[in-house]
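The values are calculated or read from the model by the stated rules, or taken from the named source; none is laboratory data. In this text, all values refer to a predicted model and were calculated from it rather than measured experimentally. We place every Cβ from the backbone using ideal geometry, glycine too, and count neighbours over all the protein chains shown. SASA here: full protein model, heavy atoms, side chains in, ligands and nucleic acids out. Shrake-Rupley method; radii C 1.70, N 1.55, O 1.52, S 1.80 Å.
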Amino acid sequence: MMSTLPIVQIGDPVLRQRASEVPPETIASPEIQTLIDQMIETMRAAPGVGLAAPQVGEPKRIIIVEDPPLAIERLNDTQRDERQRTSAFPLQVFVNPRIRPAEGSAKTIFPEGCLSIPGYAGLVERALDIEIAWLDRHGVFNDWTLVHGWPARIIQHEMDHLDGILYTDKLLPRSLMTDDNMKRRTEGRSVSSLIAELAREA
């Protein structure tokens, strides 16, 4: 069984630097393949739905994303619909990814957390639809591909890590709170109602 890696926590300089491109000819190397396998094990053990290489102390432009059925089953129908999180996103490894908002994409605001900032969550605005181009773990190039809804949010969050950006840099004012308080304040209600409530508290 592949071992997990420690997840770097906020305050570590590696989370604030731009990660380096992975030379395509090295993707098949034991070093990169082992790193990818360890990232997968670490993400699943945490558990999380995404992980960037800087979060395990490796300033390389690699992210992994997986939104499994079990994570979606924990949500009620309203939450699934509101978050555009209606179907699972299979494990995907993105090496040297590039993203851009899809033409005409709307923006949405939803709670986010981070394995490098445990115990907290906040509201972040992101594009609902993105396009991504990347190399997979076999070095195969994938041209611009549309990603919609919650997986698009996960990818944008992890891409930020590759540029030294944390979700706390993009929070709506006054929205940072503990995970428990975020769950309490969003349960059975829309995110827009929480945004209005936070505005009244200002």
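Each label was represented as a point 7 Å from its Cα along the Cα-to-Cβ direction; for SER190 and TRP144 these points are 3.2 nm apart. How many percent of the accessible area of the range 1-147 is carbon or sulfur, using a 1.4 Å probe? The C+S portion of the solvent-accessible surface of the range 1-147 is 54 percent.
If you put +1 on each Lys and Arg Cβ and -1 on each Asp and Glu Cβ, how big is the dipole of the chain around its Cα centre, in Debye rounded to 20?
Values: 22 positive and 29 negative charges, 105 e Å.
For the chain, the charge dipole is close to 500 debye.
The gain in end-to-end length when the LEU91 to LEU75 segment is fully stretched comes to 3.8 nm, 0.36 nm per residue minus the alpha carbon separation.
Judged by the gyration tensor of its Cα atoms, with axes a ≥ b ≥ c, the range 1-117 is prolate; a/c meets the 1.5 cut and a/b is the larger of a/b and b/c. Comparing ASP129, ASP160, ASP81 in a Gaussian network model of the chain where C-alpha atoms under 10 Å apart are linked, the largest mean-square fluctuation is found at ASP81. Dimensions of the chain from C-alpha coordinates, computed as largest minus smallest value along each principal axis and given longest first, are 54, 35, 30 Å. Note on the chain: with a GNM built from Cα contacts shorter than 10 Å, the maximum mean-square fluctuation among THR78, THR108, THR168 falls on THR78.
Hey, what's the chain come to in accessible area per residue, 1.4 Å probe, Å²?
Result: 50 Å² per residue.
Selection among THR26, PRO13, VAL65 by position relative to the dipole of the range 1-86 gives PRO13 as farthest towards the positive end (Cβ unit charges, Cα centre).
Restricting to DSSP loop positions (anything but H, G, I, E, B) with no more than 12 other Cβ atoms inside 10 Å of their own Cβ, which GluC sites (Glu not before Pro) remain in the range 99-130? Counting only loop positions with at most 12 other Cβ atoms within 10 Å, the GluC sites (Glu not before Pro) in the range 99-130 are GLU103.
For an R0 of 25 angstrom, estimate the FRET efficiency from the Cβ-Cβ distance between ALA46 and ARG98 and round to the nearest 0.05.
Efficiency, from the Cβ-Cβ distance: 0.45.
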